[in-house]
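To start, the structure itself, in structure tokens.
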Amino acid sequence: MSLSALRVAIIVFPGSNCDRDMMVAVERLAGRRPALVWHKETSLDPVDLAIIPGGFSYGDYLRCGALAARSPIMEAVLDHAARGGAVMGICNGFQVLLEAGLLPGVLVENAGLKYVCRNTCIEVVDGTGSPFTAGLVPGQKMVIPVAHNEGNYFAGDDDLQRLEDNGQIAFRYVDSDIHGPANPNGAARDIAGIISANGRVMGMMPHPERAISPELGSADGATMLTASLEALVS
Amino acid sequence: MSDIMSAPHQHPAMTFENAASMGLSREEWDLIRTRLGRTPNLCELGIFSAMWSEHCSYKSSKRWLKTLPTEGPQVIQGPGENAGAVDIGDGLAAIFKIESHNHPSFIEPYQGAATGVGGILRDVFTMGARPVALLNALRFGAADHEKTRHLLSGVVSGIGGYGNCIGIPTIGGEVNFDSSYNGNILVNAMAIGLANSDRIFRSAATGPGNPVIYVGAKTGRDGIHGATMASAEFSDETESKRPTVQVGDPFTGKLLMEACLELMASDAVLAIQDMGAAGLTSSSVEMASKGGLGMEMDLDLVPAREDGMSAYELMLSESQERMLMVLKPDATETARQIFEKWDLDFMPIGKVTETGRLVLLKDGDVACDIPLAPLVDDAPEYDRPQAEVAKRPVLASADISDDRPVTEVLTELLCSVDLASRRWIYEQYDSQVMADTIAPPGGDAGLVRVHGSRRGLAASTDCTPRYVEADPRTGGAQAVAEAWRNLSAIGARGLAITNNLNFGNPERPEILTQMAQSVLGMGDAARALETPVVSGNVSLYNETDGSAILPCPVIGMVGTIEDIGAAVGMAPAADLTLVVIGQTDETDDGWLGVSLYARNLAGNPVAAPPPVDLEAERRNGLFVQQQIASGAVAAAHDISDGGLAVAVAEMCIAGRTGAQLTLPEGGNRHGWAFGEDQARYIVATADAPALLAAADLAGVPAATIGSTRDGGELQFGDEGAISVGDLSNLVEATIPALMSGG
């Protein structure tokens, strides 16, 4: 199967603002435009990958991602995940996946108590068992920007250790020559992204869809997304 | 809705005292009664006072604004609509405007700044453009003033709070500090959008009988009479005006933007106007008067957030995220479905009429029935007196001691709040959403890709208030020239400008002089550089207890670059030759008068600011643009605050590279290093002989001043070298230290 045969859906909530960016990135990398699915829909056509994009779904009211996680379409996304379907959440999408219970832990306010938008360097931690890391090499470093106010990943020590032991930590912030601390938000164990126990659901704070060409500052997001798409197609 | 014949007015008649409390003068009160042929009621008086406020009527500035050039082959829409529009090729228009939210931001910094961003974004998408970039221009009081940290922190998070949420990248801006802003900060926000040139929407109502539709958020009692507040001086009691500050909701703003753009993709919309300053009043009056028609609205139909709102409150509320539209009658149902999809209110509240009158019904009664012509055409226009501009002496460099090593002075200047890194600020703004940002904040100009193409849209906001204070005409021209240079330095050509005139009380002759003369200077420069003014905003009465701000006529310039791949930044690699383009004034070693150096380190002597040679600006800017386009320049930076040495140091910090500079033989070293002569750039090139030859051919002064080098050290002549890494750490530490109270 070629990449263009891959069926990708991007869920659009009121307040999503990275839906177009992700659509453009996937279309460029896979050669086929993903479907944009409005949150009021109650069903999801069969897809190979459902993406929850970044933004401020429901204006971050109540808690980031909390209202979106209870939107009509999320029933269908949960069903898709329960069948072993692949789901990727970026930034606010990661927050939605946590609120929906598809991934463990919480994202709390940045340690610096401020919104932060800048490049970060992340390292691939686990290279097997998940389509989101299978095409990447453990230790591989990628420059991908973050832009968030609540990206500080937190879980209890036991849960963190379990994530570590199970190989569920997908990406970690690491030192580089980028200005500022490696970890932009105080996340526990420098966690930038995690995967579910079965490897089929992944959430990350950095925005790969914003790093898809050198002119945008980095093409490492394209590397990461392409690896995921290729792993899902094979 | 019943038709109104001659309306009985059962509402209590107003008195001059009522009018005065709304900021109207005795003459204006008399004029209203003459034009109306009777005494207005509360609602009517409120409408007159809002429309005749400085903010809405430009009554003190109009005479001067008329002198600005507003036309050119690139101009699609000049001043007078929600925003200006220029042709950028490929059938696309860049639509942009800058607007102030100074007074609200001082009272409530987060909401004031957030609604400033929301308001300017509405101005742009009202024209049918999808916003693609935000910029700002901010002025705060002295760094050590007790309110500065609170205001800076609140304004920055407010700007981010709105822009980040609605998902438009903030790609540039400027932030400066001066004690004259201690009691009156400046918060100017600029938005740029893109639309198809043949799909631009305007505000003139058409077609009597067509429905007038209210969409967006509900109306509450917030911001009532904000336009009048923005037209008065501050006093100790101003903070009690907190309820006149609007509250923003970027989430609703996002929904409204998407719904409007979705609707405007059809041909349903005949006219559209956002409800900004003076809310429903200015939107309905402007739509009807621009169309040469009338409007009738039933205020009982206005979606209200609170019960029992009066006609006066409904008309003067400045609740955010609202729009007024005139639709084709048969498109109303389709339009309703779009707004329902986005969970927004959609309510037909009236109709266009032929009467030339604004008629408002409330509780089955006529709450207002006034002719539109006097509201708009008879708005007062003042030719207020000016004061003499005292001619200032030229500060001779020879009178300044240059004993201190250049590197020592350089370090002190770079670490001042005036020049220190703004990273603490701009990292709180999402600069990359929409995935088209080529040059984020921190460089000379911001640059975004025109989505789906190789073309780039560049923008910068600029003003040097101390120059404007010293010589308003020169300062007005310099603001345009510096914006032009900032665009040129990345390889883009300026196309047009928007301006935000921030001044004190125009009833004082010395303030009027600042405004009038700087507008004339701005016009000189806009003509010379072929960057006409297409939109703008005036903010007067920026005073607290009688003390005015440093005059700040901000320029926002928009330009284009053919190929984003050709754009350069200010970060050179090692082993490149550094060439200064442009020259210092022939009379001296370097112009130190009114420089940052003179202000911070030489006792701030009264002096003339650097002269602006517009022909040189044009020639040197075009040369730099051409050299960048041809690939001859690897990095470039304009020379502005702090002069040549600061520009080189900023390049070294950005490129993490060292440099060796040659100090001139004789002359004043500080004049050479820190003079602020205009029309100058530093470019880094691998082929200096070719660049110098090209400059010679173009009649552009150019001279080699040194080269970049490995090793991370910056050295001037035989002075001791300083570590660029150390300098970078110091420059990055200033604002964080200020904000943490260090």
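Every number here is computed from the coordinates shown, using simple stated rules; none is lab data. Source: prediction; values computed, not measured. All Cβ positions, glycine included, derive from the backbone under ideal geometry; neighbour counts span all protein chains shown.
Arrange the following residues from fewest to most other Cβ atoms within 10 Å of their Cβ: B:59, B:66. Please list the in-between numbers first.
Working: B:59 21, B:66 13.
The order, fewest Cβ neighbours first, is B:66, B:59.
Over what distance in Å are the Cα centres of the range B:653-707 and the range B:132-152 separated?
33 Å
When the helices in chain B are scored as -39500 (n - 2.57) per DSSP H run of 4 or longer and the sum is shared across all residues, what 222 nm value do you end up with, to the nearest 500 deg cm²/dmol?
-10000 deg cm²/dmol
Mind checking the range B:387-463 for GluC sites (Glu not before Pro) that DSSP puts in a loop (not H, G, I, E or B) and that have at most 14 other Cβ atoms within 10 Å? Please list the in-between numbers first.
Values: sites: B:388, B:408, B:412, B:427; in loops: B:388, B:427.
When the GluC sites (Glu not before Pro) of the range B:387-463 are filtered for loop state and at most 14 Cβ neighbours within 10 Å, B:388 remain.
Name all residues of the range A:103-119 having a backbone nitrogen under 18 Å from the label point set 7 Å from the Cα of residue A:158 along its Cα→Cβ direction, giving them as ranges.
Zone members listed by number: A:104-106.
Can you tell me, using C-alpha contacts under 8 Å and at least 6 residues apart, the relative contact order of chain B as a whole percent? Walk me through the intermediate numbers first.
Numbers: 1904 pairs, mean separation 113.0, N = 742.
In percent, rounded to a whole number, it is 15.
What residues qualify as long-range amide H neighbours of residue B:635, i.e. H under 5 Å apart, gap of 5 or more or another chain, H built at 1.01 Å from N?
Hits under the 5 Å cutoff: B:684.
From the convex hull of the Cα coordinates of the range A:3-233, what is the mean projected area in square nanometres? Present the calculation step by step, with values, prior to reporting the outcome.
On the way: hull surface 44.0 nm².
Its Cα hull, projected and averaged over all orientations, spans 11.0 nm².
How high is the FRET efficiency between residue B:354 and residue B:545 when r is their beta carbon distance and R₀ equals 56 Å, given to the nearest 0.05?
Details: r = 49 Å, r/R0 = 0.88.
The pair residue B:354/residue B:545 has a calculated efficiency of 0.70.
For chain A, what is the calculated [θ] at 222 nm in deg cm²/dmol (nearest 500), taking -39500 (n - 2.57) for each run of four or more DSSP H residues and dividing by its residue count? Let's see the in-between values first.
Values: 5 runs with 54 residues, N = 234.
Computed ellipticity for chain A at 222 nm equals -7000 deg cm²/dmol.
So for the range A:3-233, taking the charge dipole from beta-carbon charges (+1 Lys/Arg, -1 Asp/Glu), which of A:183, A:155, A:37 sits furthest toward the positive end?
Checked the options; the winner is A:37.
Please sort by residue number the trypsin sites (Lys or Arg not before Pro) in the range A:33-86 whose DSSP state is loop and whose Cβ has at most 13 other Cβ atoms within 10 Å. Write down the numbers at each step before the final one.
Details: sites: A:40, A:63, A:70, A:83; in loops: A:40, A:63, A:83.
Hits after loop and neighbour filter: A:40, A:83.
Residue by residue through the range B:185-192, which ³J(HN,Hα) values in whole Hz follow from phi under the Karplus form 6.51 cos²θ - 1.76 cosθ + 1.60 (θ = phi - 60°), with glycine and proline marked x?
Computed from phi, the couplings for the range B:185-192 are 6, 10, 10, 10, 10, 10, 10, 10 Hz.
Taking 20 Å as the cut-off for C-alpha to C-alpha distance, list the pairs among B:254/B:362; B:218/B:362; B:97/B:328; B:62/B:97; B:66/B:97 that go past it. All intermediate terms of the calculation are to be shown ahead of the outcome.
Values: B:254/B:362 31 Å; B:218/B:362 17 Å; B:97/B:328 28 Å; B:62/B:97 18 Å; B:66/B:97 17 Å.
Beyond 20 Å: B:254/B:362; B:97/B:328.
Modelling each spin label as a point 7 Å along the Cα-to-Cβ direction, I'd like the residue B:726/residue B:391 distance in nm, to one decimal.
Taking the simple label geometry, residue B:726 and residue B:391 are separated by 4.8 nm.
In the range A:1-92, which chymotrypsin sites (Phe, Trp or Tyr not before Pro) are in a loop and have at most 14 other Cβ atoms within 10 Å, using DSSP for the loop call? Walk me through the numbers before you get to the answer.
Details: sites: A:38, A:56, A:58, A:61; in loops: A:56, A:61.
Those that pass, being in a loop and sparsely packed, are A:61.
How far is helix B:406-415 tilted, in degrees, relative to the longest principal axis of the Cα atoms in chain B, given as a value from 0 to 90 rounded to the nearest 10?
Taking the Cα atoms of chain B, the angle to B:406-415 is about 20 degrees.
Explain nothing, just compute: Karplus ³J(HN,Hα) = 6.51 cos²θ - 1.76 cosθ + 1.60, θ = phi - 60°, for every residue of the range B:21-28 in order, whole Hz, x for Gly and Pro.
Coupling constants for the range B:21-28: 5, 9, x, 8, 8, 4, 4, 5 Hz.
What are the ³J(HN,Hα) couplings of the range B:722-732, residue after residue, when phi is run through the Karplus curve with 6.51, -1.76, 1.60 and θ = phi - 60°? Round to Hz, x for glycine and proline.
Going residue by residue, I get 10, 7, 5, x, 5, 4, 4, 4, 5, 5, 6 Hz, with x marking Gly and Pro.
Quick one: compute the contact order of chain A, relative version, from alpha carbon pairs under 8 angstrom and 6+ residues apart, as a percent.
Details: 557 pairs, mean separation 48.9, N = 234.
Worked out over chain A, it gives 21 percent.
Mind pulling the angle between the C-alpha long axis of helix B:688-698 and the longest principal axis of chain B? Nearest 10 degrees, somewhere in 0 to 90.
Helix B:688-698 sits at roughly 60 degrees to that axis.
Between residue A:137 and residue B:697, what FRET efficiency comes out of the Förster formula 1/(1 + (r/R0)^6) with R0 = 45 Å and r the beta carbon distance, rounded to 0.05?
Between residue B:697 and residue A:137 the formula returns 0.30.
May I ask you to work out the translational diffusion coefficient for the range B:85-235 at 37 °C, viscosity 0.692 mPa s, via Stokes-Einstein with Rh from the Kirkwood sum over Cα pairs, reported in whole µm²/s? Please list the in-between numbers first.
Numbers: Rh = 16.8 Å.
Calculated translational D: 195 µm²/s.
Computed over the Cα atoms, what is the radius of gyration of the protein assembly as shown divided by 2.2 N^0.38 Å, N being its residue count?
Cα-based Rg divided by the globular estimate yields 0.95.
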